[in-house]
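Input: a single structure, listed below in structure tokens.
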Amino acid sequence: MINELNKGAILIISGPSGCGKSSLLKKFYEHFTNYYFSISTTTRAPRIGEVHGIDYFFVTKEEFEEDIKNNNFLEYARVHDNYYGTSMKPINQALNEQRLVIFDIDVQGHDLVRKKLNDITTSVFITTPTLNELEKRLIKRNTDTETIIQNRLKNAKIELESLDKYDYFILNDDLDVASKKLISIGHASMIKASLFSKQVIIENWIG
Ligand code: 5GP
């Protein structure tokens with residue numbers, strides 16, 4: 001019944017770099033099939049192990065600004081001195097295929113998507129139990145300089161101020177517990193009442 005009536009839904013996941021979003025999503029994908037992960041475009045340099053077209057589309061500042069000019073982005077933002085953006089085209093296709101479209105985007109991106117596609121959007125904010133724990137994880141990850149880490153921590157504190165704009169909150173303390181919560185949220189976001197056409201439901205219902 002769902003597939004006949006709705007178009008797909010969006011699940012926004014936000015949270016500071018290093019809070020464990022990627023590990024949580026890996027667990028999530030083991031339990032969820034009908035999803036599309038939105039691969040963002042960014043001007044930041046790839047980290048070791050990151051692959052163009054899988055983790056991000058890595059582009060130059062000029063290429064990114066060309067995409068802005070051509071209106072190719074559903075949303076974009078400057079985060080930690082780099083551009084990050086979500087291209088519109090693959091999202092439309094995935095929504096038409098009735099998929100759950102997952103965005104790993106920051107708070108600014110969240111606000112913009114909500115403005116444009118609020119009815120089909122559910123959002124979850126994920127973070128570590130403490131700022132100290134986040135710092136430890138960033139240091140352990142060993143992909144950023146001390147200056148970048150301090151910048152990310154500063155940003156994490158600012159982002160937490162927007163917590164009340166989100167539908168759900170997950171403290172990523174225990175990966176198994178947190179991933180179960182995320183899977184439940186994924187299922188719930190596909191059956192939001194606002195995804196359904198009241199008119200069609202009533203017609204079907206009456207027969
Ligand atoms: P990182 O550099 O750690 O991969 O990501 C830095 C931040 O940029 C994270 O908070 C992440 O959620 C955010 N981000 C990644 N892609 C996008 C995007 O397409 N749009 C927006 N607004 N933020 C993004």
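Points to keep in mind about this one:
- Cβ-placed point charges (K, R +1; D, E -1), dipole of region 39-97 about Cα centre in debye, nearest 20: 80
- Per the Cα gyration tensor, region 62-173 maps to an equivalent ellipsoid with semi-axes of 27, 19, 12 Å, ordered largest to smallest.
- Region 39-97 shape via C-alpha gyration tensor axes, a/c threshold 1.5: oblate
- Between the Cα long axis of helix 131-141 and the first principal axis of the chain there is an angle of about 80°, rounded to the nearest 10.
- Remark: relative contact order (region 39-97) = 35 percent; criterion is Cα-Cα distance under 8 angstrom and separation of 6 or more residues.
- Placing +1 on the Cβ of every Lys and Arg and -1 on the Cβ of every Asp and Glu, with no other charges, gives region 72-207 a dipole of roughly 180 debye about its Cα centre.
- Neighbourhood charge, 9 Å Cβ-Cβ cut-off, centred on V107 and excluding it, Lys, Arg +1 and Asp, Glu -1: -3
- Remark: relative contact order (the chain) = 34 percent; criterion is Cα-Cα distance under 8 angstrom and separation of 6 or more residues.
- Cα-Cα pairs of the chain separated by more than 27 Å (percent): 32
- Using alpha-carbon coordinates, inclination of helix 146-160 to the longest axis of the chain, degrees: 40
- 1.4 Å probe accessible area per residue over the chain, in Å²: 56
- By the helix-only formula, in which each DSSP H run with n ≥ 4 contributes -39500 (n - 2.57) and the sum is divided by residues, the chain has a 222 nm mean residue ellipticity of -13500 deg cm²/dmol.
- Region 1-90: C-alpha pair distances exceeding 18 Å, %: 53
- By average C-beta atoms within 10 angstrom, highest first, the peptides 15-27, 190-202, 130-142: 15-27, 130-142, 190-202
The values are calculated or read from the model by the stated rules, or taken from the named source; none is laboratory data. Since the model is a prediction, treat every value here as computed from it, not as a measurement. Heads up, the Cβs are rebuilt from the backbone with ideal geometry, glycines too, and the neighbour counts pull from every protein chain shown. When the accessible area is computed, the model is the full protein with side chains, heavy atoms only, and any ligands, DNA or RNA have been set aside. Shrake-Rupley method; radii C 1.70, N 1.55, O 1.52, S 1.80 Å.
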